[in-house]
Amino acid sequence: MELKKLKPEVKQWHVIYTKSKWERKVDDLLMQRGFESWCPVQKQERQWSDRKKIIEVPLFRSYVFVKTSKEDYARVLSTIGVVNFLYFEKKPAIIRDVEIEEIKKYLGLSTTKSIQIIDMTNIPAQTKVSINQGLFMGQRGEVIKSGKNNVFVKLESLQMMMIVEFKVNEVSPI
């Protein structure tokens, strides 16, 4: 009788929900346990009564990205500060590598602009667009709202939207 070799499961980026204000702690704990994890941060200016200070704040409140396989779900969930995986259509949400890379690129290039994250669960879908220029060129998104210079683009796998400022000529309807 021949034993079949089991293939190791492919690791994919997942979103985990953390305790409030535990994003960076969970990121550190996951890395200590040998996981590839990422807690994206952006710089914000905060005003205190006596001074202003630039601090780094998590881009996604209570969310951390972790690259793992189904085999390691229990180990991830047993990490202090982890509440659960984020689910989409009754399955753990999987984020494509290209989406992670786009967020990393934007955060790396952005020094004066910031990304705002808005929960998408109650906002209806509108126009599908293609980005014609810049960092997100070739990407398709769903415009939630547009102003004079802004287009709000939805990342479907997160059920979140990334707000990025575009010029009017940088997007076109599909």
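From the list ILE95, ILE16, ILE80, the lone residue that is among the β-branched types (Val, Ile, Thr) and touching a His at 6+ places or on another chain (Cβ under 8 Å) is ILE95.
Every residue in region 1-16 that is at pLDDT 90 or above and closer than 7 Å to SER69 by Cβ, please.
Matches in region 1-16: LYS11 only.
With respect to the stated conditions, LEU77 fails to be assigned by TED's automatic domain parsing to the domain that holds ARG24 and within 25 Å of LYS105 (Cα to Cα).
From VAL98, VAL76, grab the single residue that is of a type in the set (Val, Ile, Thr), modelled with pLDDT of 85 or more, in a helix (DSSP H, G or I) and surrounded by fewer than 13 Cβ atoms within 10 Å (Cβ to Cβ).
VAL98
When GLN42 is tested against (1) surrounded by 12 or more Cβ atoms within 10 Å (Cβ to Cβ); (2) within 23 Å of GLU9 (Cα to Cα), just one condition goes unmet, and that condition is (2).
Could you list all residues from region 6-47 that are outside any loop (DSSP other than H, G, I, E, B) and over 15 Å from the mean Cα position of the chain (by Cα)? Across region 6-47, the qualifying residues are LYS25, VAL26, ASP28, LEU29, LEU30, MET31, GLN32, LYS43, GLN44, GLU45, ARG46, GLN47.
The values are calculated or read from the model by the stated rules, or taken from the named source; none is laboratory data. Keep in mind it's a predicted model, so treat the numbers as computed, not measured. Cβ: placed from backbone, ideal geometry, glycine included. Neighbour counts: every protein chain shown.
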